[in-house]
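Report on the structure given below.
The values are calculated or read from the model by the stated rules, or taken from the named source; none is laboratory data. This is a predicted model, so every value here is computed, not measured. Don't worry about glycine lacking a Cβ; one is built from the backbone with ideal geometry, like all the others, and counts go over all protein chains shown.
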């Protein structure tokens, strides 16, 4: 993966190719993949940090300069995807676009420049796509809670074999907590404890459930794996490992975390808040482990578009249950 959107793209392999771009609070992330039998073979997986959530927090809208940077990145990503033979490209607008006062202008400018429509999703739709990304369209066999902790918000989706899926979005994110509570680098223990306490307050409104499994997706979870070496092996965050990660991050500056754990500089600054959220999540649901999945919303978008075509948004609740054994 690279943060440089100008990096050359590799040659495409034969087969149906799909692409999706997630416009998140921290990063704008491109995935281009070949689809074979509902399975994805990634061709390009890269992101650029644009800080859309922070821009909206500051003024309530992106503004002309930020919109221009976003459009330029998406034009380039569209060129990469089409160059690799992507037949369908899906742009996904999430939390910052939902909040931006100039959201309609963003949608118009992006489609005019790229020819690709921007789907501004609800919290529920975002959660459903994430479920598909985790399961790769397989039928759900036991009650599972899937959580995507972002920069400005977190999405929760509870899905099981028989009951309709339930989804909710909460204003709980690593950038949001960092902005509110952290003043130093690294954060102090009282600052981390304040973030955990705030996360627990917000999580009181999360879905009531006793899931057989909790699965975390997204940059917060995947980067915490890098901090604790044992977690990289089995892709599991345990209570002990989260405690270890928080202790490490309380004693490292962001620059040290970048060097030691190979996380991105901007991610390093907000990762302690991500650990605080994961700690609170375990407390809220009374669990001692959370599995981390590499699949998420971008994978889900490619799979559902490949499976059902342009009407995918109308069928998301059903698709979240899976369609293949």
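Out of the residues in the range 164-208 that are part of a loop (DSSP other than H, G, I, E, B) and free of Cβ contacts under 8 Å to residues at least 12 places away in the same chain, which is farthest from residue 257 (Cα to Cα)? Steps first, please.
Filtering the range 164-208 for residues part of a loop (DSSP other than H, G, I, E, B) gives 164-165, 171-173, 182-188, 204-208.
Remaining after also requiring free of Cβ contacts under 8 Å to residues at least 12 places away in the same chain: 183-184, 208.
Details: 183: 17, 184: 14, 208: 35 Å.
Looking at residues that are part of a loop (DSSP other than H, G, I, E, B) and free of Cβ contacts under 8 Å to residues at least 12 places away in the same chain, I get 208.
Which of the residues belonging to the range 266-292 are farther than 20 Å from residue 196 by Cβ, at pLDDT 95 or above and not in a strand (DSSP E or B)? Steps first, please.
As a first pass, look at the range 266-292 and keep what is farther than 20 Å from residue 196 by Cβ: 266, 291.
Pick out the ones that are also at pLDDT 95 or above and you get 291.
Scanning the range 266-292 gives no hits.
The rows are residues; the columns are (1) outside any helix (DSSP H, G or I); (2) within 19 Å of the chain's Cα centre (by Cα).
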| site | (1), (2) |
| --- | --- |
| 216 | yes, yes |
| 223 | no, yes |
| 237 | yes, yes |
| 240 | no, no |
| 247 | no, no |
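Taking the criterion of being at pLDDT below 90 and over 18 Å from residue 152 (Cα atoms), would at least one residue in the range 38-50 satisfy it?
Yes, that holds for at least one residue.
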Which pairs turn up if I take residues in the range 101-129 that are touching a residue at least 12 places away in the same chain (Cβ under 8 Å) and look for partners that are surrounded by fewer than 19 Cβ atoms within 10 Å (Cβ to Cβ) and outside any helix (DSSP H, G or I) with beta carbon separation below 6 Å, at least 6 apart in sequence or on another chain?
101/60; 101/61; 102/61
How many residues are free of Cβ contacts under 8 Å to residues at least 12 places away in the same chain and farther than 30 Å from residue 161 by Cβ when one looks only at the range 209-244?
4
Hits in the range 16-61 (condition: touching a strand residue (DSSP E or B) at 6+ places or on another chain (Cβ under 7 Å) and assigned to a helix (DSSP H, G or I))
52
Give me the residue from the range 71-103 that is in contact with a helix residue (DSSP H, G or I) (Cβ under 6 Å, 6 or more places away or on another chain) and farther than 21 Å from residue 42 by Cα and, out of that set, surrounded by the fewest Cβ atoms within 10 Å (Cβ to Cβ).
71
With respect to residue 173, is the statement that it is surrounded by fewer than 24 Cβ atoms within 10 Å (Cβ to Cβ), at pLDDT below 95 and touching a strand residue (DSSP E or B) at 6+ places or on another chain (Cβ under 8 Å) true?
no
